[in-house]
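Visitor: One structure coming up, written as structure tokens, with questions to follow.
Values quoted throughout were computed directly from the atomic coordinates according to the rules given, and no laboratory measurement underlies them. Here the structure is a predicted model, which means the values were calculated and not measured. Here the Cβ is made from the backbone with ideal geometry for all residues, glycine too, and neighbour counts use every protein chain on show.
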Amino acid sequence: MTHVFVYGTLKRGQPNHKVLLGGTHGRAAFQGRGRTAEPYPLVIAGEHNVPRLLNVPGQGHRVVGEIYAVDEQMLRFLDEFEGCPDMYQRTPLPIAVLEWEGTRGAPRETPAADRTVQCFVYSTATFPPEWLHLPYHDNYDSQGQHGLRYNPRENR
């Protein structure tokens, strides 16, 4: 099992969370909540209003999301689901733990608040330059006050 940090439509209560459930694509177990150790720009961009974490460390906000322990099958599925490596790139980042519930795939010591855990994160390093001028978010919600409604894949 390896850790993956999700910050957008894969979070609980968001449109794509269902792909993490049921075991169809592999196993994913919620471990806790966290935020990026460094600030990153989280923008809502493109014609489908997709949340994208731009790989520009030091700019933006410390982004809040969820930490999952996933098996190899789920990791391969997420690579395909996220369009890796073309649309997103999977990179390891330190994630500061805010709350920890998990036991499966936990580090030797269960992380406590203010500790970090290494997670794979799907971010994008190739993007139109104007995306850096979009509003930065620290916690994505598809129904948020930003007013930019996510267009689910099944509607495209």
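Visitor: What's the center-to-center distance, using Cα atoms, between segment 22-56 and segment 72-88 in Å?
Guide: The two parts, judged by their Cα centres, are 12 Å apart.
Visitor: I've got another one for you. Based on the mean of other Cβ atoms within 10 Å per residue, sort peptides 66-75, 80-89 so the most packed one is first. List each step's numbers first, then the result.
Guide: On the way: 66-75: 20.4, 80-89: 15.0.
With the highest mean Cβ count within 10 Å placed first, the list reads 66-75, 80-89.
Visitor: Could you state the angle between the C-alpha long axis of helix 72-81 and the longest principal axis of the C-alpha atoms of the chain, as a value from 0 to 90 degrees rounded to the nearest 10?
Guide: Helix 72-81 sits roughly 0 degrees off the main axis of the chain.
Visitor: A follow-up question, please. What is the magnitude of the charge dipole of the chain about its Cα centre, with +1 placed on the Cβ of each Lys and Arg, -1 on the Cβ of each Asp and Glu, and no other charges, expressed in debye to the nearest 20?
Guide: The calculated dipole for the chain is roughly 240 debye.
Visitor: Going highest first, how would you order 23-33, 144-154 by mean Cβ packing within 10 Å? Each step should come with its number before you reach the end.
Guide: Values: 23-33: 18.2, 144-154: 12.7.
Ranked from most to least packed, the peptides come out as 23-33, 144-154.
Visitor: Per-residue counts of other Cβ atoms within 10 Å, averaged by peptide: what ranking do you get for 119-132, 51-64, highest first? Before the final figure, lay out each step's value.
Guide: Numbers: 119-132: 16.7, 51-64: 18.4.
Answer by packing, highest mean first, reads 51-64, 119-132.
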